[in-house]
Amino acid sequence: MDKTHRLTGFLADKLPKWSLIIGIIALALGFLLGHSNDQSMYLSYLTAYTFFISIVLGCMFLVIVQHLARGGWGVVVRRVPEQMMATIPTFALLFIPILFGMHSLYEWTHASAVAHDHLLQMKAPYLNVPFFVIRNIIYFAVWIGIARYYNRKSLAQDYVASDDEAEQITAGMQKRSAISILLYALTVSFATFDWMMSLKPHWFSTVFGVYYFAGAVMTALCFISLTYMILGRHKHLDTVVTKEHYHDLGKLIYGFVIFWTYIAFSQFFLTWYANIPEFVQWYLPRSVGPWRTMASVLVWGHFLIPLFVFMSRHAKRNLKVHSGIAILLLVMQYLDIQFLIKPNFFTDIHFTLVDVAFLIGIGGIVLNRFLVRLKQESLMPVNDPYLQESLDLEVY
Amino acid sequence: MNTTVDLEVKRRPLVTGNQTFESISDIVCKPVEATPPKWWHIALLGSITLLALLMSMIGYLVWEGIGVWGLNNPVGWGWAIVNFVFWVGIGHAGTLISAILFLFRQKWRTSINRFAEAMTVFAVICALVFPGIHVGRIWMAYFMFPIPNSMAMWPNFRSALLWDVFAVGTYFTVSLLFWYVGLLPDLATLRDRAKTKTKKIVYGLFALGWRGSSRQWHHYEKAYMILAAIATPLVLSVHSIVSFDFATSQLPGWHTTIFPPYFVAGAVFSGFAMVLTLLLIARQIFNMKELVTMRHLENMCKFILATGMMVGYAYAMEFFMAWYSGNPYEQFAFTNRAFGNYAWAYWIMVSCNVLSPQFFWFKRFRNNIKLMWVISIFVNIGMWFERFVITVTSLSRDFLPSSWGYYSPTFVDVCTFIGSFGLFFTLFLLFLKFLPMVAISEVKGVMPEANPHHKEAH
C-alpha cells in the first residue's frame with residue numbers, strides 16, 4: 001500500500017483534538033443555556049442534529065450508488081464519504097437527547113393532547129412513544145449495518161495483495177448495493193416523517209421523505225467537495241483529485257440543487273393550488289412574516305443563485321467559485337432545516353445562542369470522529385479496480 | 001481468466017465479435033439498403049389496417065360526439081386520458097437514454113439511443129391524438145393554443161391541461177430535434193453508400209451537407225451536448241405536468257404531493273419496458289446481437305427494476321399517507337382501490353409493475369431473453385392499468401354515494417386504443433426501413449479503435 005496518502009499535520013493532530021474539546025464544551029453549554037426552555041432547546045438540538053445527519057446520510061447514498069452504478073470516475077473522491085458515513089454510530093448516541101426531549105418536541109406524546117384530538121387518536125398506532133423508539137432503533141441498525149459493511153470492505157481492500165482479491169471485494173460491494181439502496185430509501189423516508197413531519201402531526205405529505213433526501217445528497221456533495229479542497233490545500237491528494245473531479249462533483253451538486261427545487265416546488269405548488277386546509281396548514285405559518293422572507297432566501301440561495309452562477313463549466317472548475325457555492329449551499333441546507341422545523345412552533349425566526357452551541361457541539365464531535373477515522377487509513381481506496389479510470393478522468 | 005471473481009467488476013466491451021468500423025456500417029445499413037423482407041410488408045399492412053381503424057373511430061367520434069365513449073356522470077375522464085398518459089410515458093425512455101444517460105457518460109446508450117428516440121417521437125404523436133380528440137368539438141382544438149382571437153378569448157392559463165399543451169409540445173419539438181441532430185452523420189453515411197440517384201439526393205438533402213470534417217464534428221458535439229442539457233429537464237417536466245392534471249385537483253387519490261416524481265419514475269419505467277419489448281425482437285431479426293449485447297439488455301433490466309421499485313415506493317407512500325392522514329375520504333379512496341369495484345385493475349397493476357420486475361434481481365433472469373420479453377409486456381400492461389386505476393377509481397366513487405358510478409369502455413374506446421398502436425407501428429416500421437436504427441457514428445465512437453492511441457504499443 002502506498003503510504004503517502006495518509007492524513008498528517010494539523011488536520012490529523014490538532015484539529016480533531018480541539019474539535020472534540022470545543023464540541024463537548026459547546027454541547028454542554030447548549031444544554032446549560034437552554035434548559036430553562038425545554039421546547040426551544042430541543043428544537044435547536046433537533047435542527048442541528050438533522051442538519052449534520054443529512055450530510056452523513058447523503059454520503060451513505062453516494063457510496064452505495066457508486067457501487068450500484070459501477071461508477072469509476074469517483075473512486076478517488078470516495079474515501080471521505082466512506083469515512084463520514086461511518087460516523088453514524090455517533091449519531092445514534094447523539095439521538096438520545098431527542099428521546100429525552102420527545103415530550104417537548106412532539107405533541108402526539110402528550111396523552112392529554114391525544115385524548116382531545118380525534119386525528120391523533122387515529123394516528124396513535126403509528127405515532128406513539130414505544131413504536132417511535134423501535135423505529136429509530138431499526139433506522140440506526142440499518143444505517144450502521146450499511147455504513148460498517150461498506151467502510152470495512154473498502155478499507156480492507158487497501159491491504160489486499162492481489163488484484164483478484166480486490167475485485168472480489170468490489171464485486172461483493174456491488175452485489176449488496178441494490179438491497180442497501182432499497183433499505184436506505186425506506187429508512188430515510190420514515191425517519192424524515194418521524195423526526196420532522198410528525199412535529200406537526202396533523203399534516204402529511206407523501207413527498208416529504210424525498211425532499212429531505214434531495215437536500216441531504218446535495219449537502220453531502222458540497223461537504224465532499226469542500227473537504228477535498230481543504231485536503232488539497234494541505235497538500236493531500238492535491239495532484240490526485242483534480243479539476244476534473246471537482247467538475248463532476250460540481251455537476252452533481254448542480255443536479256441535486258435542481259432536484260431539490262423540483263421536489264420543493266412540487267410539494268408547495270400542489271398544496272397551494274388545491275388549497276385544502278389540512279395541507280395548507282403547514283405552509284400558512286411559513287408564508288407570513290419573517291418565515292416568508294426565509295422562503296425567499298431559500299428560493300434565491302438554494303436555487304436561483306446556484307442555478308445561474310454554477311451553470312457554466314468554468315464555474316465548476318474554478319475552485320473559488322466552486323467552494324463559494326458549496327459553502328452557500330451548506331448554509332442554505334441549514335436554513336432549509338430551520339424552515340422545516342421551527343415555523344411549526346415559532347412565528348418569528350428563532351436562532352439563538354443555543355442553536356449556535358448545538359451546531360458547534362454536534363459539528364465538533366462529528367468532525368472529530370470523522371478526522372480520527374480519516375487519519376487512520378489511506379486517503380483514497382488504493383486497490384480499487386477502477387482506480388486507474390478515476391485517476392485518468394478527463395471531462396470534455 | 002479467473003472465474004472465482006464475478007466478471008461484472010471488469011468492464012465488458014460494448015461491441016462484441018471482432019467488429020470493424022466497416023462491418024458496423026454494414027450491419028446497421030443493411031435493413032435500410034436491402035429490399036424489405038416479406039414480414040415487413042405484412043407487418044406494415046397490419047399496422048396500416050389498425051391505423052385505418054383509428055382514423056375511422058376518430059371520424060365516428062367527431063361525427064357523433066363524445067357520447068360514443070363510455071364516459072358517464074362521475075367518470076368524466078376515461079380511456080382517452082389513460083391512453084394519453086400511457087403513450088406519453090412510453091415516450092420517456094428515448095430522451096432519458098439520449099439526454100440523461102449522455103450527461104452521465106453512460107456509453108452503453110449508443111447502441112439503443114436511436115431506437116429509443118424514434119419510439120419517443122412516435123409515442124408522443126400517439127399521445128397527442130387523445131387530448132386532441134377529447135375536446136369534443138375538434139374544430140375548436142386551436143383554442144388550446146394562446147392565439148388571441150376576435151372575441152378576446154384566451155385559454156385558461158391556470159389550468160394544468162393547458163400546461164400540458166406547452167409541456168408536451170415542447171417535449172415533442174426538442175425530442176424531434178435531438179433525434180434529427182443525432183441522425184445527421186448517419187444520414188450522410190447512407191448518402192455516401194447510396195446506389196441510386198434518388199436515395200443520394202434525398203439522404204443528402206437531410207444530411208445538411210455533412211462532410212465529417214473535424215470542424216463539423218467539433219460544432220456537432222457542442223450542439224449535441226447543449227441539446228442534451230436542454231432535454232434533461234424536459235424528461236422531468238413533461239410527466240410532472242401530466243401528473244399536475246390529476247394532482248392539482250382536490251380529489252382523494254389524485255391530490256398527493258409525490259405525484260410529479262412518481263409519474264416521472266413510472267414514465268421511465270414504461271418507456272424502458274417498451275424499448276425492451278421492441279429491441280429484443282429487432283436485435284434478433286436484424287442480427288444485431290453484437291451491437292446490442294447482453295450487457296445492454298442487462299442494464300435495461302436493471303433500469304426497469306430500479307424504476308419499478310421507485311413506482312412501488314410511491315404506491316407504498318400513498319397508502320401509508322392515506323392511512324396516516326386520518327382523513328376518511330383519503331382512506332376510502334385507497335381501500336376502494338385495493339378492495340373496491342376496480343380491485344381487479346388494481347391488482348393487475350401491482351402484480352405487473354411491482355411483482356413482475358422482481359425477477360430482475362437475479363442475473364439468471366436478466367440473461368433470459370424470453371423471460372425479459374414477457375416481463376416487459378407485463379410492465380407495459382401494468383403501466384396502462386396504473387393510469388386506469390388512478391383515473392377511474394377516484395372518479396367513480398364521488399364524495400356522495402348518490403353520485404357513484406361504474407365506468408366501462410365502449411367498443412369505440414377499445415378500438416381507438418388498439419388503433420393507436422397502428423399509428424405507432426406504422427411510423428416505427430417506416431423508421432426501420434428508411435433510417436438507421438442504431439447510431440452508427442456513436443457506436444463507432446465507443447469502440448476501442450476510436451481511441452487515437454489504439455494501435456500504439458502499450
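The values are calculated or read from the model by the stated rules, or taken from the named source; none is laboratory data. Source: prediction; values computed, not measured. Using ideal geometry, Cβ is built from the backbone for each residue, glycine included, and neighbour counts are taken over all protein chains shown. In case anyone asks, the SASA skips ligands and DNA or RNA and just uses the protein heavy atoms, side chains included. Shrake-Rupley method; radii C 1.70, N 1.55, O 1.52, S 1.80 Å.
Just tell me, in residue order, which DSSP H segments of chain A are both 18 angstrom or longer along the helix axis (alpha-carbon based) and at least 0.5 in mean Kyte-Doolittle hydropathy. Working shown, then result.
Working: long enough: A:14-34 (29 Å, 1.66); A:38-68 (43 Å, 1.28); A:129-157 (42 Å, 0.59); A:163-195 (44 Å, 0.17); A:208-233 (38 Å, 1.43); A:243-274 (46 Å, 0.37); A:319-341 (33 Å, 1.55); A:353-376 (34 Å, 1.34).
Long hydrophobic helices here: A:14-34, A:38-68, A:129-157, A:208-233, A:319-341, A:353-376.
With each pseudo-label sitting 7 Å past Cα toward Cβ, what's the residue A:17-residue B:287 distance in nm, one decimal?
7.5 nm
Within the stretch A:43-157, what whole-number % of the accessible surface is contributed by carbon and sulfur, with the 1.4 Å probe and all protein chains included in the calculation?
On the way: 2680 of 3670 Å².
Looking at the stretch A:43-157 in its full context, I get 73 percent from C and S.
Per residue, how much accessible area does the stretch B:79-161 have with a 1.4 Å probe, in Å²?
Values: 3210 Å² over 83 residues.
Dividing the accessible area of the stretch B:79-161 by its residue count gives 39 Å².
Would you kindly work out the equivalent ellipsoid of the stretch A:67-205 from its C-alpha gyration tensor and give its semi-axes, the square roots of five times the eigenvalues, largest first in whole Å? Walk me through the numbers on the way to the answer.
Numbers: eigenvalues 318, 42, 25 Å².
Semi-axes (√(5λ), whole Å): 40, 14, 11.
Could you state the principal axis extents of the C-alpha atoms in chain A, from the largest down, to the nearest angstrom?
Taking the Cα atoms of chain A, the three principal extents are 67, 42, 39 Å.
Kindly give the semi-axes, whole Å and largest first, of the ellipsoid equivalent to the stretch A:181-264, taking each as the square root of 5 times a Cα gyration tensor eigenvalue.
Details: eigenvalues 214, 33, 22 Å².
After diagonalising the Cα gyration tensor, the semi-axes are 33, 13, 10 Å.
Report, as a whole number in µm² per second, the diffusion coefficient that Stokes-Einstein gives for the stretch B:89-245 at 10 °C and 1.306 mPa s using the Kirkwood radius over alpha carbon pairs. Present the calculation step by step, with values, prior to reporting the outcome.
Values: Rh = 17.6 Å.
My calculation gives 90 µm²/s for D.
Give the long-range amide H neighbours of residue B:75: residues separated by 5 or more places, or on another chain, with amide H under 5 Å away, using H modelled in the peptide plane at 1.01 Å from N.
Residues meeting the criterion, in which the H sits 1.01 Å from N, do not exist here.
Below 8 Å between Cα atoms, with a sequence gap of 6+, how large is the relative contact order for the stretch A:118-225 in percent?
Working: 39 pairs, mean separation 29.9, N = 108.
Relative contact order comes out at 28 percent.
Which whole-number percentage describes the relative contact order of chain B, with Cα contacts under 8 Å and a sequence gap of 6 or more? Present the calculation step by step, with values, prior to reporting the outcome.
Numbers: 578 pairs, mean separation 143.8, N = 458.
Computed over chain B, the figure is 31 percent.
Can you give the Kirkwood hydrodynamic radius of the stretch B:78-137 from its Cα pairs, in Å with one decimal? Each step should come with its number before you reach the end.
Working: mean 1/r = 0.0818 Å⁻¹.
Averaging 1/r across every pair of different Cα atoms and inverting gives 12.2 Å.
Give me the percent of accessible area attributable to carbon and sulfur for chain B, probe 1.4 angstrom.
Its accessible area is 70 percent carbon and sulfur atoms.
Averaged over A:263-272, how many beta carbons belonging to a partner chain fall within 10 Å of each residue's beta carbon?
On the way: counts 4, 0, 2, 11, 3, 1, 6, 13, 2, 1.
Across the residues of A:263-272, the mean count of other-chain Cβ atoms within 10 Å is 4.
Evaluate the relative contact order of the stretch A:1-149 (contact order divided by residue number), counting alpha-carbon pairs under 8 angstrom at least 6 apart; express in whole percent.
Numbers: 71 pairs, mean separation 33.2, N = 149.
The normalised contact order for the stretch A:1-149 reaches 22 percent.
Binning at 10 angstrom from zero up to the longest distance, how are the C-alpha pair distances of the stretch B:215-267 distributed in percent?
25, 32, 19, 15, 7, 2
In Å, the Kirkwood hydrodynamic radius of the protein assembly as shown over pairs of distinct alpha carbons? Don't jump to the answer; show the numbers that get you there.
Values: mean 1/r = 0.0344 Å⁻¹.
Radius from the Kirkwood sum: 29.1 Å.
With viscosity set to 1.002 mPa s at 20 °C, what whole-number translational diffusion coefficient in µm²/s follows for the stretch A:316-396 from Stokes-Einstein and a Kirkwood radius over Cα pairs? The partial results should precede the final answer.
Numbers: Rh = 16.7 Å.
The estimated diffusion coefficient comes to 128 µm²/s.
Quote to one decimal, in nm, the extra length available between residue B:193 and residue B:38 on full extension: 0.36 nm per residue of separation minus the C-alpha distance between them.
Working: separation 155, 0.36 × 155 = 55.80 nm, distance 2.39 nm.
My answer for the length gained is 53.4 nm.
Suppose R0 equals 60 Å. What FRET efficiency, 1/(1 + (r/R0)^6) with r the Cβ-Cβ distance, do residue B:339 and residue A:356 give to the nearest 0.05?
0.70
Which of the residues in the stretch B:324-345 show a loss of at least 30 Å² in accessible area from their chain by itself to the complete set of protein chains, at a probe of 1.4 Å?
Buried by 30 Å² or more upon assembly, which counts only protein chains, are B:324, B:325, B:326, B:327.
Mean Kyte-Doolittle of at least 0.0 plus a Cα span of 27 Å or more along the axis: flag which DSSP H helices in chain B meet both, please.
Working: long enough: B:38-64 (39 Å, 1.26); B:113-134 (32 Å, 1.27); B:160-193 (48 Å, 0.94); B:214-247 (49 Å, 0.49); B:259-285 (39 Å, 1.57); B:294-325 (45 Å, 0.52); B:369-388 (29 Å, 1.20); B:411-434 (34 Å, 1.93).
Flagged H segments are B:38-64, B:113-134, B:160-193, B:214-247, B:259-285, B:294-325, B:369-388, B:411-434.
Pull up the cross-link candidates among the lysines for residue B:38, meaning alpha carbon to alpha carbon under 20 Å and not fewer than 8 places away within one chain.
B:30, B:433
Over all directions, the average projected area of the alpha-carbon convex hull for the stretch B:373-416 comes to how many nm²?
Working: hull surface 16.2 nm².
Over every viewing direction, the Cα hull of the stretch B:373-416 projects on average to 4.0 nm².
Is the shape of the stretch B:345-442 best called rounded, prolate or oblate, per the rule: a/c under 1.5 gives rounded, else a/b larger than b/c gives prolate, else oblate, with a ≥ b ≥ c the square roots of the Cα gyration tensor eigenvalues? Before the final figure, lay out the partial values.
Working: a/c = 3.30, a/b = 1.48, b/c = 2.23.
Taking the square roots of the gyration eigenvalues as a ≥ b ≥ c, the stretch B:345-442 is oblate.
What list of ³J(HN,Hα) couplings, whole Hz, do you get for the stretch B:439-450 from phi and the Karplus terms 6.51, -1.76, 1.60, once you set θ to phi - 60° and write x for glycine and proline?
Result, ordered by residue: 6, 4, 5, 6, 5, 4, x, 9, 7, x, 5, 6 Hz.
Write down the accessible area per residue of the stretch A:1-151 in Å², having rolled a 1.4 Å probe over the full set of protein chains. Please report the intermediate quantities before stating the final value.
Values: 5980 Å² over 151 residues.
Averaged over the residues of the stretch A:1-151, the accessible area is 40 Å².
First check a/c for the stretch B:42-167, with a ≥ b ≥ c the square roots of the eigenvalues of its C-alpha gyration tensor; if it is under 1.5, answer rounded, and if not, answer prolate when a/b is larger than b/c or oblate otherwise.
Values: a/c = 2.32, a/b = 1.41, b/c = 1.64.
Oblate, because a/c is 1.5 or more while a/b does not exceed b/c.
Taking the alpha carbon gyration tensor of chain B, what are the square roots of 5 times its eigenvalues, largest first, to the nearest whole Å?
Numbers: eigenvalues 318, 147, 84 Å².
With the √(5λ) rule applied to chain B, the semi-axes are 40, 27, 21 Å.
Mind checking B:260-271 for the average number of partner chain beta-carbons within 10 Å of each residue's beta-carbon?
On the way: counts 9, 8, 4, 0, 1, 0, 0, 0, 0, 0, 0, 0.
Per residue, the average neighbour count from other chains is 2.
Could you order the peptides B:156-162, A:231-237 from most to least packed, using the average number of other C-beta atoms within 10 Å per residue? Write out the running numbers ahead of the final one.
Details: B:156-162: 13.3, A:231-237: 16.6.
Descending packing order for the listed peptides: A:231-237, B:156-162.
When the convex hull of the Cα atoms of the stretch A:1-136 is projected onto a plane and the area is averaged over all directions, what value comes out in nm²? Don't skip to the end; give the middle numbers.
Details: hull surface 48.6 nm².
Averaged projected hull area, Cα only: 12.2 nm².
Ignoring ligands, DNA and RNA and using a 1.4 Å probe, state the total buried accessible area between B and A in Å², rounded to the nearest 100.
Values: alone 21880 and 17290 Å², together 35100 Å².
Counting both chains, the buried surface is close to 4100 Å².
Give, ordered by residue number, each residue of the stretch A:196-218 whose 1.4 Å probe accessible area is reduced by a minimum of 20 Å² on adding the remaining protein chains to the chain alone.
SASA drop of 20 Å² or more in the stretch A:196-218: A:197, A:204, A:206, A:207, A:210.
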